[in-house]
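Participant: My questions all concern the structure below.
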Amino acid sequence: MLALEMLGRRAHNDHPNNFSRSPPYTEDVKWLLGLAARLGVNYVYQFCVGAAKGVLSPFVLQEIIMEALQRLNPAHIHAHLRMPAFHQLVQRCQQAYLQYIHHRLIHLTPADYDDFVNIIRSARSAFCLTPVGMMQFNDVLQNLKRSKQTKELWQRISLEMATFSP
């Protein structure tokens, strides 16, 4: 858990890897989650709190959430998501997606549209994890629609959202 805390301190200074789909620490964090799962539910919750503070990549945070839920009793997913540790982790994941989307919009070119639409798809899955998440995600979509991006990008996003199922 101390290593996870140190990761958070180091990662904040390592900006290029903050939003990476698989930063160099991904496998170590997953190994730590596996260890926490073997030790018990309380250790998984403790791990979730540490991950929310230390992991910056929205993709890794989302993987941690899904893997942690699978390692715990899958029949109680909704109960686990209501626990403060998971709730904090999910909120951090959603916040990281919002930051990443905003960051990408600033530097977006037509060549990046497909990747950006994939990011939006991943973000939607993360926002589906909470009751108010879809309202927040719809706000993101409305802000994207009003942004100064081209009509082509909005059409791609709209098409993806119409055919997407989490």
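The values are calculated or read from the model by the stated rules, or taken from the named source; none is laboratory data. Given the structure is predicted, the values throughout are model-derived calculations rather than measurements. Virtual Cβ from ideal backbone geometry, glycine too; neighbours counted across all protein chains shown. SASA here: full protein model, heavy atoms, side chains in, ligands and nucleic acids out. Shrake-Rupley method; radii C 1.70, N 1.55, O 1.52, S 1.80 Å.
Participant: With contacts defined as alpha carbon pairs under 8 Å and 6 or more residues apart, what's the relative contact order of the chain in percent? Don't skip to the end; give the middle numbers.
Facilitator: Details: 142 pairs, mean separation 32.5, N = 166.
In percent, rounded to a whole number, it is 20.
Participant: If you take all C-alpha pairs in the stretch 29-72, what percent of them are over 12 Å apart? It would help to have the intermediate numbers written out before the result.
Facilitator: Values: 495 of 946 pairs.
Counting pairs separated by more than 12 Å, the tail of P(r) holds 52 percent.
Participant: Which one, Ala111, Leu144, Trp154, is farthest towards the positive end of the dipole of the stretch 92-165 when Lys and Arg carry +1 and Asp and Glu -1 on their Cβ?
Facilitator: Leu144
Participant: May I pose another question? Sort 26-32, 62-68 by the packing proxy (mean of other Cβ within 10 Å over each peptide's residues), most packed first. Please report the intermediate quantities before stating the final value.
Facilitator: Details: 26-32: 15.6, 62-68: 19.9.
By packing density, highest mean first, the sequence is 62-68, 26-32.
Participant: Taking all protein chains in place and a 1.4 Å probe, what share, in percent, of the accessible surface of the chain do carbon and sulfur account for? Kindly include the intermediate steps, with their values, before the conclusion.
Facilitator: Working: 5180 of 9230 Å².
Taking all protein chains in place, the chain shows 56 percent carbon and sulfur surface.
Participant: Could you state the principal axis extents of the C-alpha atoms in the stretch 71-141, from the largest down, to the nearest angstrom?
Facilitator: Projected onto its principal axes, the Cα set of the stretch 71-141 covers 43, 20, 17 Å.
Participant: Continuing with the same structure: Just the accessible area per residue of the stretch 20-166, please: how many Å² with a 1.4 Å probe? Write down the numbers at each step before the final one.
Facilitator: Working: 7850 Å² over 147 residues.
Result: 53 Å² of accessible area for each residue.
Participant: What translational diffusion coefficient, to the nearest whole µm²/s, does the chain have by Stokes-Einstein, given a Kirkwood radius computed over alpha-carbon pairs, a temperature of 10 °C and 1.306 mPa s viscosity?
Facilitator: 96
Participant: Report, in order of residue number, the helices in the chain meeting two criteria: a C-alpha extent of 15 Å or more along the helix axis, and a mean Kyte-Doolittle hydropathy of at least -1.0; treat each whole DSSP H run as one helix. Spell out each step's value before the answer.
Facilitator: On the way: long enough: 26-39 (20 Å, 0.40); 41-54 (19 Å, 0.51); 58-71 (20 Å, 0.51); 84-106 (33 Å, -0.30); 113-127 (21 Å, 0.00); 133-146 (20 Å, -0.56); 151-163 (18 Å, -0.42).
Span-like helices here: 26-39, 41-54, 58-71, 84-106, 113-127, 133-146, 151-163.
Participant: For the chain, modelled as a GNM with alpha-carbon contacts under 10 angstrom, which of Tyr97, Tyr45, Tyr25 fluctuates the most?
Facilitator: Top of the fluctuation ranking is Tyr25.
Participant: Using DSSP to call loops (not H, G, I, E or B), can you name the trypsin sites (Lys or Arg not before Pro) in the stretch 59-166 whose Cβ has at most 14 other Cβ atoms within 10 angstrom?
Facilitator: Numbers: sites: Arg71, Arg82, Arg92, Arg104, Arg121, Arg124, Lys145, Arg146, Lys148, Lys151, Arg156; in loops: Lys148.
Filter output for the stretch 59-166: Lys148.
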